[in-house]
RNA sequence: GGUUCCGUGGUGUAGGGGUUAACACGUCUGCCUGUCACGCAGAAGAUCGCGAGUUCAAAUCUCGUCGGAACCGCCA
């Protein structure tokens, strides 16, 4: 068995005879002397074959990615290579055994490989040999290990819940699995272990966690995979603060343990409404400021018809100030920003450039007083750029919220080594679904309303808030959770608010509601997006970088060519017929 | 469901209606005893994703299709 971590060798081992295993990363044949970079999981160590050695011919025949076993003596190098950990030493070879050969590899195995993601995904097992990807796998392991360590020390039990579940058509689309034993019936893969973890609380487990695979059949994004991992936590006899407190300490522990970063506690708490108002997002990135300001009142009596009409139609006018950036955006630059906000439904983007003489798209149509009022509200200085969106509230907030993030990125306002974390709390219980013409749960139907809002469940849904919270890190929703409803009366009211009939409730989650009737303790929890947490700690913006075998945007695996068609025999066993597509 | 972009030797890019499709890295051969992005000399390797159309002529233009990427919708 391979026992030595190759790069654990150092100058202190000089003279020692060693047996090493690994892959040929690189061979440099100087004619009378051969250098080989031997790679194992720990890194690179240099081997040297001299012409007087019996293994010289064997060393000559080595090619990239051959798997070899070598014997040799640790020696001090004539001149050290400061770029690698073992740069002071090398192994003078006595013996080389080829354990396996390798086809010529399709792309260079190095951190700065030029291969596209597409190529790397097809040969993911080769991609994993690259140090940067390997390091993320190590980091991911360290993170899950730290999580288990922390939660174990806090009396949590790690319990697995089923992968084959009942489909609950609320929320995300389910992945379905046909049942052979029960023909015509389907399992669904879990979108999260939500119901099971609550039933574990009913089952008296008190403190549960699981590093749980979850599945959602929705479209992919740079930070979204159809198959992902959640750190799922649930506790009994707790309130919101207990869970936030525990989670903070967990995050602090993981950051310290894995990247030696000190998280200062307690984290900032911000109400959902304030987050939307100030940052246009329920997951604000606080690494930079650039708040959104409401300048509607400046235009109460404006003669500028465009803005007047928007205000008359219950719209708002908001602005962000980009410090010292007026000269950084030409007409073309502004046009690009305009196109950007249009994606979020904004009709346009007005701008003002602050200087002795105000310029910009609406500089001419505004009165001097209006411009002065804007300058006062935004507290402007010379060369500030003011960007304004006027529209209905959701469009204004969403587009400016996205715009401030784009600007911060474009203008390099973000310190890449910084982490800004906060809690976003007091989420609305409901959001109005235009599609379904009714209020639907923002979180899920088992989320406890704020004590003072229980009565509003029926009477004032739009102003009903819940005991729900998200932990936001650098603009990512890293995790979210809530206190659950354990009270039967409140649960009934919730279903009523969602316009679910007794029959619908019974069909959708009868087993769950039945369970809640048998002495359910007050409970709540939270789920962490593990992949996103790894992304944050690894400082990458692509979720594929933190998953060993990820899927492409069309939810396929380029390596195994999955999904794929199946045998007619398999379909026949399941009594499934495929329609022409 | 929608918008935008990409597809050219093994890899990554350049190019672009016309005769030998360019460059870098890699590969192969020879030379080379201190390299570590080794060096030097030479060679092989591509019907430009696939299909149709326009044209005297398509890798280039058009349409379709397949694959990839980013985003909007979607993601309780």
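Quick notes
- Test for residue A:243: is it crowded, with 20+ Cβ neighbours inside 10 Å and either under 18 Å from the mean Cα position of the chain (by Cα) or within 12 Å of RNA strand B (Cβ to nearest atom) (or both): no
- Residue satisfying condition, being within 22 Å of the chain's Cα centre (by Cα), within 12 Å of RNA strand B (Cβ to nearest atom) and in the same structural domain as residue A:513 (by TED's automatic domain parsing), within set A:215, A:196, A:209: A:215
One line per residue, one yes/no per condition, for (1) at pLDDT 95 or above; (2) assigned by TED's automatic domain parsing to the domain that holds residue A:391; (3) loosely packed, with under 14 Cβ neighbours inside 10 Å:
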residue	(1), (2), (3)
A:294	yes, yes, no
A:317	yes, yes, no
A:323	yes, yes, no
A:330	no, yes, yes
A:345	no, yes, no
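- Residues in region A:548-581 that are out of contact with any strand residue (DSSP E or B) (no Cβ under 8 Å at 6 or more places or on another chain), more than 12 Å from RNA strand B (Cβ to nearest atom) and not in a loop (DSSP other than H, G, I, E, B): A:568, A:569, A:570, A:571, A:572, A:573.
- Residue, nearest to the chain's Cα centre (by Cα), within region A:1-23, restricted to residues that are assigned to a loop (DSSP other than H, G, I, E, B) and more than 14 Å from residue A:76 (Cα to Cα): A:5
- Residue match in region A:402-412 (condition: away from RNA strand B (no atom under 16 Å from the Cβ), on the phi > 0 side of the Ramachandran plot and loosely packed, with under 14 Cβ neighbours inside 10 Å): yes
- Qualifying residue in region A:121-129 (condition: in contact with a helix residue (DSSP H, G or I) (Cβ under 9 Å, 6 or more places away or on another chain) and near RNA strand B (Cβ under 9 Å from one of its atoms)): yes
- Failed item, numbered, when residue A:375 is tested on (1) free of Cβ contacts under 8 Å to residues at least 24 places away in the same chain; (2) in a strand (DSSP E or B); (3) surrounded by 16 or more Cβ atoms within 10 Å (Cβ to Cβ): (2)
- Residues of region A:447-473 satisfying the condition of being part of a loop (DSSP other than H, G, I, E, B) and buried (at least 22 other Cβ atoms within 10 Å of the Cβ): A:448, A:464, A:467
- Answer from A:350, A:326, A:319 - the residue that is under 30 Å from the mean Cα position of the chain (by Cα) and in contact (Cβ under 8 Å) with a residue 24 or more places away in the chain: A:319
- From the list A:434, A:368, A:339, A:357, the lone residue that is out of contact with any helix residue (DSSP H, G or I) (no Cβ under 9 Å at 6 or more places or on another chain), within 16 Å of RNA strand B (Cβ to nearest atom) and not assigned by TED's automatic domain parsing to the domain that holds residue A:265 is A:339.
Yes/no matrix, rows are residues, columns are (1) under 26 Å from the mean Cα position of the chain (by Cα); (2) touching a residue at least 12 places away in the same chain (Cβ under 8 Å):
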site	(1), (2)
A:101	no, yes
A:120	yes, yes
A:129	yes, yes
A:144	yes, yes
A:157	yes, yes
A:165	yes, yes
A:175	yes, yes
A:185	no, no
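- In the set (1) away from RNA strand B (no atom under 16 Å from the Cβ); (2) within 30 Å of residue A:249 (Cβ to Cβ); (3) out of contact with any strand residue (DSSP E or B) (no Cβ under 6 Å at 6 or more places or on another chain), residue A:161 fails one condition alone, (1).
- Top-ranked residue in region A:96-116 [being part of a loop (DSSP other than H, G, I, E, B) and touching a strand residue (DSSP E or B) at 6+ places or on another chain (Cβ under 9 Å); ranked as modelled with the lowest pLDDT]: A:110
- Whichever residue in region A:24-49 is assigned to a loop (DSSP other than H, G, I, E, B) and in contact with a helix residue (DSSP H, G or I) (Cβ under 7 Å, 6 or more places away or on another chain) and, among such residues, is farthest from RNA strand B (Cβ to nearest atom): A:41
- Residues located in region A:496-522, provided they are assigned to a helix (DSSP H, G or I) and more than 14 Å from residue A:168 (Cβ to Cβ): A:496, A:497, A:502, A:503, A:514, A:515
- Odd one out for residue A:172 among (1) surrounded by fewer than 17 Cβ atoms within 10 Å (Cβ to Cβ); (2) within 25 Å of residue A:534 (Cα to Cα); (3) at pLDDT 95 or above: (3)
- Residue within region A:74-91 that is near RNA strand B (Cβ under 7 Å from one of its atoms), closer than 16 Å to residue A:19 by Cβ and not in a loop (DSSP other than H, G, I, E, B) present: yes
The values are calculated or read from the model by the stated rules, or taken from the named source; none is laboratory data. None of the values given here were measured: they were computed from a predicted structure. Counting neighbours? That spans all protein chains shown, and the Cβs are built from the backbone with ideal geometry, glycine included.
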